[in-house]
């Protein structure tokens, strides 16, 4: 099959890297033009091959996946970057999104979801099934009904912020979407965290993602009413 896209795969574990290359195989429409075992080598090969897609591990010595991502966004902005990581917490996903990645996959999902990520909307942000699983263990345990009851405490302005948080949007992106200042959005986030008992870094974001459907349904009902 003729490949219409090129890719570089960067991971410091040879067996896992080989598995990713094999996953792409001969029928994905993607040709792996180079492999790299560390961030420095990855950047060097990016300069040579200028691929359409970069699949990069997050945890690597010296130059990690975030550093590679930042370099790509500054120097080869048309390349789609997908992060692979053993760290599936929402805080890592948020940082990857802020730096301009097109997707974030937990390594345990890579074999089953890599092709779906590559085929996803280039303007979107793909996350795999296990994202946030580790962080959710420490979140308040609400049933959907209990969480819907908690939403009664939330003001209309805060609810708009919460809906956008379900899409893992940053405070700056929410501010632009709602035509607010970043400071106002951050104030709403502080108030939401207090009302929903989501204390600690990124806990509100994780709670929003976990209860996305309940939040969207509550917003739909409020809008219809």
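Considering only segment 173-186, how many residues are surrounded by fewer than 19 Cβ atoms within 10 Å (Cβ to Cβ), closer than 21 Å to residue 91 by Cβ and without any contact (Cβ under 8 Å) to a residue 12 or more places away in the chain?
Number satisfying all stated conditions: 2.
I want to confirm something. Restricting to segment 187-225 and keeping residues that are loosely packed, with under 15 Cβ neighbours inside 10 Å and at pLDDT 85 or above, which single residue is nearest to residue 95 (Cα to Cα)?
Across segment 187-225, the extreme among qualifying residues is 190.
I'd like to verify a number: residues in segment 147-172 that are modelled with pLDDT under 85 and closer than 29 Å to residue 102 by Cβ, how many?
The number of residues fulfilling the criteria is 7.
Give me a count of the residues in segment 11-39 that are in a loop (DSSP other than H, G, I, E, B) and on the phi < 0 side of the Ramachandran plot.
The qualifying residues number 8.
Based on this model, can you work out whether residue 122 counts as under 16 Å from the mean Cα position of the chain (by Cα) and assigned to a loop (DSSP other than H, G, I, E, B)?
Spelling it out, residue 122 is indeed under 16 Å from the mean Cα position of the chain (by Cα) and assigned to a loop (DSSP other than H, G, I, E, B).
I need the full set of residues from segment 17-36 which are under 20 Å from residue 108 (Cα atoms), surrounded by fewer than 17 Cβ atoms within 10 Å (Cβ to Cβ) and in contact with a strand residue (DSSP E or B) (Cβ under 9 Å, 6 or more places away or on another chain), in order please.
Result: 18, 21.
When you go through 96, 117, 110, 88 one by one, which is the residue that is at pLDDT 90 or above and surrounded by 16 or more Cβ atoms within 10 Å (Cβ to Cβ)?
After applying the criteria, what remains is 117.
Results for (1) without any contact (Cβ under 8 Å) to a residue 24 or more places away in the chain; (2) touching a strand residue (DSSP E or B) at 6+ places or on another chain (Cβ under 6 Å); (3) not in a loop (DSSP other than H, G, I, E, B), shown as yes or no for each residue.
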| position | (1), (2), (3) |
| --- | --- |
| 42 | no, yes, yes |
| 70 | no, no, yes |
| 81 | no, yes, yes |
| 109 | yes, no, yes |
| 115 | no, no, yes |
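The values are calculated or read from the model by the stated rules, or taken from the named source; none is laboratory data. Remember, predicted model here, so these are calculated numbers, not experimental data. Positions of Cβ are backbone-derived with ideal geometry, glycine not excepted, and every protein chain shown enters the neighbour counts.
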